[in-house]
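Following: one structure in structure tokens, then a few remarks.
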Amino acid sequence: MTIRTDAPTRREQILKEAARLFAERGFHGVGVDEIGAAVGISGPGLYRHFPGKDAMLAELLVGISERLLAGGRLRVSEDAACGDSSPQALLDALIEGHIDFALDDRPLITLHDRELDRLRDADRKRVRQLQRQYVEVWVEVVREVYPDLPEHEARAAVHAVFGLLNSTPHLGRPGAQPDRAGTAALLHRLARGAFEAAAARP
């Protein structure tokens, strides 16, 4: 029997270090040799895995958008398969999944904010398409929880909550924050509070 491990592949190691370095120094401030050194291989050795930095950036930004959408859809399908599913629980699950991303992949948030325009048109359009689909997953669930909330307001609320959760790169150094569980719980309360405020229409 084959035993699978969670050890990252070399490509995953390269992408993780590339994301960290790009976020810290900017895309043009990092050379291939530096990325290679961070994972213990020569710069030219990276070309066995990626044709260049542009390809790394594209895989990072398209990849995280694909991952978020797949995770959101999976939570929806798991909820639908559950006999006692509830929209409230599903919304909580979506929030928790996005918080995991926001806390564990902060360099990717910084990278998206700073470097998205550097992608080729096709890759940038793909990222935007995936993001729109991810938003719509949330909008449908939010409107199940708050059926009186108009669709356009639900969509605006989802974008606002994403902005709130994706603010994690600005929280300061990890030591200056509550522990991870405390930060996650705070972000979750803030997100639910934002949706409650959106639904509290006059």
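For region 104-159, applying the loop criterion from DSSP together with a ceiling of 14 other beta carbons within 10 Å to the trypsin sites (Lys or Arg not before Pro) yields Arg120.
The spread of Cα positions in region 19-121, taken along each principal axis and listed from longest to shortest, comes to 54, 29, 25 Å. Placing a label point 7 Å from the Cα of Ala122 along the Cα-to-Cβ direction, the residues of region 39-57 whose backbone N falls under 19 Å of that point are 50-57.
Taking all C-alpha pairs of the chain, those more than 26 Å from each other amount to 42 percent.
Computed over region 115-164, the quotient of the alpha carbon radius of gyration and 2.2 N^0.38 Å is 1.35.
Taking Val62, Val139, Val39 as the candidate residues, the one with maximal mean-square fluctuation in a Gaussian network model of the chain, Cα springs under 10 Å, is Val39. Rg/Rh for region 1-72 stands at 1.02; both radii use Cα atoms, and Rh follows the Kirkwood definition. Placing +1 on the Cβ of every Lys and Arg and -1 on the Cβ of every Asp and Glu, with nothing else charged, gives region 118-171 a dipole about its Cα centre of roughly 540 debye. For region 34-161, the dipole from Cβ point charges (+1 on Lys and Arg, -1 on Asp and Glu) about the Cα centre works out to 700 debye, to the nearest 20. Which of rounded, prolate or oblate describes region 41-98 when judged by the alpha-carbon gyration tensor and an a/c cut-off of 1.5? Prolate, because a/c is 1.5 or more and a/b exceeds b/c. Taking 0.36 nm per residue of separation and subtracting the Cα-Cα distance, full extension of the segment from His159 to Ala55 would add 34.7 nm.
May I ask which residue of Leu108, Gly97, Tyr146 lies farthest towards the positive end of the charge dipole of region 75-177, with charges of +1 (Lys, Arg) and -1 (Asp, Glu) on Cβ and the Cα centre as origin? Positive-most Cα among the choices belongs to Leu108.
None of the figures in this text is laboratory data; all of them are computed from the coordinates on show. Quantities reported herein were computed from a predicted structural model and do not represent experimental measurements. Heads up, the Cβs are rebuilt from the backbone with ideal geometry, glycines too, and the neighbour counts pull from every protein chain shown.
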